[in-house]
Amino acid sequence: MEINMRKATMEDALDILKWRNDEKSREGSFNKEKINIPQHLEWYKKKMSDENCVMLILMDGEEKAGHIRLDIQGDTAEISYMIAPDQRGKGLGKEILRLMEQSAPSDVKVLVGFTLPGNEGSRKCFKDNDYTEFTAGDVICYIKTLTR
Ligand SMILES: CC(C)(COP(=O)(O)OP(=O)(O)OC[C@H]1O[C@@H](n2cnc3c(N)ncnc32)[C@H](O)[C@@H]1OP(=O)(O)O)[C@@H](O)C(=O)NCCC(=O)NCCS
């Protein structure tokens, strides 16, 4: 199957919510609360219309396989991402980080991601994509400078 990235649309909102509310996703999140539909749609619409936010969907052929978001401040983008629960464990976490670099706006020079120490899967994805790891208290920070 062909793996590629496309821009997210309003039609992806509920899939993203479903993935976000999955137990494993909540375990890996800083906010562990379940999010309800109205709350999510309000947040999602705001993000979609924010010019400093890039929302992307990873496609595995015709199937939605993951979501990645860049929140941009100056030349730095903070990364949030997840793979659809039924698509995990087959390399797509690493792939979404790799492909995102091609979709990041050209003025983004630095990528930053934060994980909880127990989120081994995500930590592996960052490390395998050549991010540098910093530990700050209970949070692990990953940083990569783009050379392009
Ligand atoms: C974290 C996440 C994105 C990883 O995606 P994935 O597609 O399952 O990851 P991959 O298949 O690319 O695996 C990457 C590596 O991590 C390892 N890995 C994955 N999950 C793991 C786990 N729970 N514990 C230990 N290692 C794990 C894989 O074995 C693989 O290692 P390998 O390269 O040696 O084979 C996915 O589990 C997810 O969406 N989690 C919920 C949301 C989340 O935590 N997002 C990140 C917030 S910072």
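Candidates 118, 66, 91: the one that is open to solvent by 50 Å² or more (accessible area, probe 1.4 Å) and of a type in the set (Gly, Ala, Ser) is 118. Each residue in segment 131-148 was checked for being surrounded by 12 or more Cβ atoms within 10 Å (Cβ to Cβ) and part of a loop (DSSP other than H, G, I, E, B), and 2 of them qualify. Residues that are open to solvent by 60 Å² or more (accessible area, probe 1.4 Å), at pLDDT 95 or above and polar (S, T, N, Q) were ranked within segment 20-51; the one that is farthest from the ligand (Cβ to nearest atom) is 49. Here residue 54 clears all of (1) under 13 Å from residue 8 (Cα atoms); (2) within 13 Å of the ligand (Cβ to nearest atom) except the condition numbered (2). Here residue 136 passes the criteria (1) modelled with pLDDT of 95 or more; (2) more than 10 Å from the ligand (Cβ to nearest atom); (3) farther than 22 Å from residue 20 by Cβ except the one numbered (1). Beta carbons closer than 8 Å, at least 6 apart along the sequence or on distinct chains, pair a first residue in segment 113-135 that is of a type in the set (Phe, Trp, Tyr) with a second that is surrounded by fewer than 12 Cβ atoms within 10 Å (Cβ to Cβ) for 114/30.
Of all residues in segment 89-130, exactly one satisfies the criterion of being closer than 20 Å to residue 65 by Cα, away from the ligand (no atom under 11 Å from the Cβ) and not in a helix (DSSP H, G or I), namely 104.
The values are calculated or read from the model by the stated rules, or taken from the named source; none is laboratory data. None of the values given here were measured: they were computed from a predicted structure. Every residue, glycine as well, gets a Cβ built from its backbone with ideal geometry; the counts of neighbours run over all protein chains shown. Just so you know, the surface numbers come from the protein's heavy atoms only, side chains and all, with ligands and any DNA or RNA stripped out. Shrake-Rupley method; radii C 1.70, N 1.55, O 1.52, S 1.80 Å.
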